[in-house]
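Read through the structure below, which is laid out as structure tokens, and then see the notes.
What follows is calculated from the coordinates using simple rules that are stated; it is not laboratory data. What you see is a predicted model, and the numbers here were worked out from it, not measured in a lab. Note that each Cβ is placed from the backbone with ideal geometry, even for glycine, and that neighbours are counted across all protein chains shown.
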Amino acid sequence: MFDKADFDDEIRAHLKIAAAERVADGASPKDAELDSLKEFGNVALTGEAARRVWVPNWLESVFDFVSDIRYSARVLAKSPVFSLTVIAVLTLGIGVNAAVFTLLKSMALNPLSGIGDSSQLSIIVNETDKGRKAGLSYRDYQFVRDHDQSFSGLAASGLLAANFGRGKNAKPIYAELVSGNYFQVLGVRAELGRTILPSDEVAPGRHPYAVLNDGFWRRDFGADPNIVGKTIEINNFKLTIVGVADPSFHGMIVGYDDEAFIPVMMAAQMGANVGSLQSGASTDVLADRGAGILDVFGFLRPGVTAPTASAQLKTLSATLMQEAGISETKQQLTLLRIWESPYGGQTFLLPALVVLAVMGLFVLTIACANIAGLVLVRGMSRRGELAVRLALGASRSRVVRLLLLENLVLAIPGAILGMLLAARAIPFLTSYAQTMAAPQRLFFNIQIDRLVIAFAAAVATASALVFGFVPALRSSRIDLVTAINEDSSPRGAARGRLRSGLVIAQVAVSLLLLVGAGLVTRSLDAARHAYPGFDPNHVTAIDIDLRANGYTPARGRVFYRQLLDAVKADPGVESATLASTMPLNLTGVREQRVEVDGYTPRKNEDLGFESATVGPDYFSTLRIPLKAGRGFEDRDDETAAPVAVVNTTFAQKFYAGADNAIGKRIRVGTGGWRTIVGVAADIKYSQINEPPRPYVYQPLFQAYRWSMTLHARGSGPTNAMVEQEQAHIATLDSDLPIIHARALRDTLPGATVILEFMSAFLFVFGASGMALAGMGIYGLVAYTVKQRTREIGIRMALGATTVAVIREFLGRGVRLGAIGVGVGVAGALAISRLLASVLFGVSATDAISFTRAVAIVLGGVVLATIAPAWRASRTNPLTALRHQ
Amino acid sequence: MTLHSSRPDARTDLLHGTLDMLILQTLQWGPQHGYAIGQTIRAQSSDVLQVEAGSLYPALQRLAKKGWVTSKWGTTEANQRAKYYRLTPEGKKQLLREESRWTELVAAIGRVMSWNRP
């Protein structure tokens, strides 16, 4: 090893000996000392060179690299305005993308927390030939699990919207019914006690256990260390707590915070049902092949590829069909990636996120073009320095490397700040989503993890290359003579072409962003003003769940009748009803197989539709027009003949018209035949931008459900009505929890929340894109003006007017702007298909959005051009000429 | 003549190698300190080769790293402290190798230079 102190000692000895020799030759001690020092040369450099002998080669190149970085940092620190501008622009560009990417990660790429790598998880669903995806029944799951060879283990789970506790203090939670191997397959441990085990999947109804999630345990049980062995009441059924799951685990359903895990064997006791027909605990939900309550998933065995697994699943599917004796309906077990799963938040959020991701990249493009402009201009002013370097023998590649390194030095803080920006912005978004979902809990895997960091690093590096490479190459191709002579006359059209290209790119991409933002804003506007097919004003919406108080269907019916009578007796109430689902509920409800009497399904035809159970007077209370027949009345009770109401689209599809539908028969799910007594107009069932779809209604007293929403219409203040109704419920059963109580009107923002979310995002994108582009264009024009000061001076000395000078610059700016607009419009048209998937009420080629965007962009170009042009016109010819 | 075969810069390697050889040669007659090595080379070459300290000391470090010389503090005849370098057996072998290569090289260069002489 190199010993610095020893080496210094040696040098001192050397100097002493040399000096002593000189003294011996007759020199004065002082001269001798100075002479020997002079002869020795640079002591520090010698020490450094001696030290470097001991440094391994690879380390030396690291030192080179570090010294390059240090040099870059020094150079950049000398022009703080440039550096800070670049960092700020990059922070914005990377922040926007990191935020969208984090959301995309939390919805699709790695949406589950606490599982090794959820992106590697494969999902198995039943897919009809029409592409409708549904869960598997327990028996199908068993079959697949026992015969499959591609997975290291197949687990299953189903979401259970449950009530925790009893009576007034009951609280709605999300729980999961899980297979015995669920925790093993996912590799999730218990933080306390044990997980659900395969031994918990033996006999239906015999495994009354629950594993809690960590948050639930902390919030509702005060992190009780002795929780194991205590009981918890879920859906009116006592379960013994056997453990608490790992803190990072929030269940299998994207976007949901699942608070309890219960063996699937308890499905019937937990009230898991298929649609509306189950009344009370049916013991055969596990045996029913039609009850697709389970999401089946697992990790593929090492070495098994997805196509192989798919092929095996196909074979398995055929065997399963044969065994079950199913031949007429074509269903196929299909392998999906986690983001294709039919359950979870990603199902309705993913299209919006994809659009945002693309738009985010546009912002980054502008940011890069913007910085490329800055780097280019700066490269011009650094021509002297670079020319000297080249003249001293630095190789071109070395100069390019140095310039690229400078960009990287700027990109890294940009990436870090961008990530911090994203990390700040996202909890804000998710907490907003949580308020919308309360009291149920959501969970998004939005932690900044390796994936996000890798993404930000990749984006930063890529942008450093993009915004740095062309300008760097150009700067390294300096004509030495002209550069050293400091001749700044415009030379070569090429440099101007690059600048023009940057202006055009920024204009084009900001136009794209503005068109996108405009389209979504107009969609939102249209969605807010669109008539959803029912009248949400002056109607209450109060959610109750009779399960929490252990009602039997018989007692439940009595309760419903008493409640409706009491509410209707209020003076302000015109009509009142109950419904199992609210319209415009965003997510929709599980579809059910519908059989239509006299209609033979075409081969491969999939007759699965959504349905609702509603009380008497439902259609009049919500003011949904009836196209034919009648709505449900009090007489449609459990003793009367079974009836149904369908919507116009249903009637059109099967009976070619509303009038023909009356008197025809249908069967919903596993229920009996019902006669259609009415046809109701279509309404918007889940989202305002949904296409018309067939829909079926069943009467409450013939298709009992324990979780209903009370709607009452009255002309008085709706809030007062809400309070009145809560009082009625309390009078009838003071222990019954009221899950939500509000006006129906107030639930509607939920239906436009995605558009709102997108329009907020795109507004930010569009505004920042436009601001960046404006700044960029201003900078480039200002630079051109500065470069041409002398020329302008001469022309003005020769009699050119101010107006002529302004006109020239403006003309050039507007010309470039127009080209950019042309490119941008073409681009916007090219991506209109992508946008169309999220728009409502406007076409993706909406003229107003396009015109507005073009106007804003051209206005921005004119503004950004006119200021430097005006300055140019004020040039004093004498000063300009005296410059050299 | 590459001591640092992984370094791309062959020109400096040639110089380094030659200086290394000269130092080893000087140490053949017994241990010497840095200043004396420089003076010896200078005197032996009749003042043609002036070894700068800036090259000499890194070279000594290089030789020490290779294990061709060892060093030890001692005192000069004038009773001054100095670090003495001594040739190791490996250093001696290396010197022989360098010597024969050098002779070959000089002969080769000589042949080239005298080739078109009348």
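By count of other Cβ within 10 Å, fewest leading, how are A:833, B:101, A:378 ordered? Each step should come with its number before you reach the end.
Details: A:833 9, B:101 13, A:378 18.
Neighbour counts put them in this order, fewest first: A:833, B:101, A:378.
Counting Lys and Arg as +1 and Asp and Glu as -1, what is the net charge of the other residues whose Cβ lies under 15 Å from the Cβ of residue A:651? Before the final figure, lay out the partial values.
Numbers: positive: A:627, A:630, A:653, A:664, A:665, A:674, A:693; negative: A:597, A:659, A:682.
Once positives and negatives cancel, what remains is +4.
For segment A:711-773 and segment B:24-56, what is the separation of their Cα centres, given in Å?
Here the answer is 92 Å between Cα centres.
Let's test the formula: R0 of 60 Å, r as the Cβ-Cβ distance of residue A:23 and residue A:870. What FRET efficiency results, to the nearest 0.05? Display every interim value, and only then the final one.
Working: r = 76 Å, r/R0 = 1.27.
It comes to 0.20.
Taking only Cα atoms of segment A:510-632, what ratio of Rg to Rh do you get with Rh as the Kirkwood inverse-distance radius? Each step should come with its number before you reach the end.
On the way: Rg = 20.1 Å, Rh = 18.5 Å.
Expressed as Rg/Rh, it is 1.08.
In what order do A:723, A:259, B:104, B:77 fall by count of nearby beta-carbon atoms within 10 Å, going from fewest to most? Kindly include the intermediate steps, with their values, before the conclusion.
On the way: A:723 13, A:259 28, B:104 10, B:77 5.
Exposure proxy ranking, most exposed first: B:77, B:104, A:723, A:259.
Using 0.36 nm times the number of residues separating residue A:395 and residue A:586, minus their current alpha carbon distance, what extension gain do you get?
Numbers: separation 191, 0.36 × 191 = 68.76 nm, distance 6.19 nm.
The residue A:395-residue A:586 span can extend by a further 62.6 nm.
What is the sum of charges around residue A:250, taking Lys and Arg as +1, Asp and Glu as -1, for the other residues whose C-beta is under 14 Å from the C-beta of residue A:250?
Values: positive: A:218, A:219, A:441; negative: A:176, A:191, A:214, A:246, A:257, A:258, A:259.
After counting each charged neighbour, the total is -4.
How big is D for chain A, in µm² s⁻¹ as a whole number, if Stokes-Einstein is applied with the Kirkwood radius of its Cα pairs at 20 °C and 1.002 mPa s? Please report the intermediate quantities before stating the final value.
Values: Rh = 32.6 Å.
Diffusion coefficient, whole number: 66 µm²/s.
Gain in length, residue A:332 to residue A:202, computed as 0.36 nm per residue apart minus the alpha-carbon separation, to one decimal in nm? Intermediate values should be presented prior to the final figure.
Values: separation 130, 0.36 × 130 = 46.80 nm, distance 2.75 nm.
In short, 44.1 nm is gained.
Cα centroid distance between segment A:608-677 and segment A:188-243, in Å?
42
Going by C-beta contacts inside 10 Å, put B:72, B:65, A:105 in order with the fewest on the left. Numbers along the way, then the final one.
Numbers: B:72 9, B:65 13, A:105 23.
Result, fewest neighbours first: B:72, B:65, A:105.
Pairs A:38/B:83; A:653/A:684; A:105/A:171; A:4/B:93; A:171/A:238: which are spaced more than 23 Å apart, C-alpha to C-alpha?
Values: A:38/B:83 21 Å; A:653/A:684 18 Å; A:105/A:171 30 Å; A:4/B:93 29 Å; A:171/A:238 15 Å.
From the list (A:38/B:83; A:653/A:684; A:105/A:171; A:4/B:93; A:171/A:238), the Cα-Cα distance tops 23 Å for A:105/A:171; A:4/B:93.
Quick check: net charge around residue A:70, other residues with Cβ under 12 Å of its Cβ, Lys/Arg +1 and Asp/Glu -1?
Details: positive: A:74; negative: A:64, A:68, A:406.
Result for the local shell: -2.
Structure shown: which of A:30/B:65; A:133/A:664; A:130/A:314 lie over 25 Å apart, alpha-carbon to alpha-carbon? The partial results should precede the final answer.
Values: A:30/B:65 36 Å; A:133/A:664 28 Å; A:130/A:314 17 Å.
The answer is A:30/B:65; A:133/A:664.
Quick one: check the C-alpha center-to-center distance for segment A:28-46 versus segment A:500-526, whole angstrom.
Rounded to whole Å, the Cα centres lie 70 Å apart.
What list of ³J(HN,Hα) couplings, whole Hz, do you get for segment A:337-353 from phi and the Karplus terms 6.51, -1.76, 1.60, once you set θ to phi - 60° and write x for glycine and proline?
With coefficients 6.51, -1.76 and 1.60, one gets 7, 4, 6, 9, 4, x, 10, x, x, 5, 4, 10, 9, 4, x, 4, 5 Hz.
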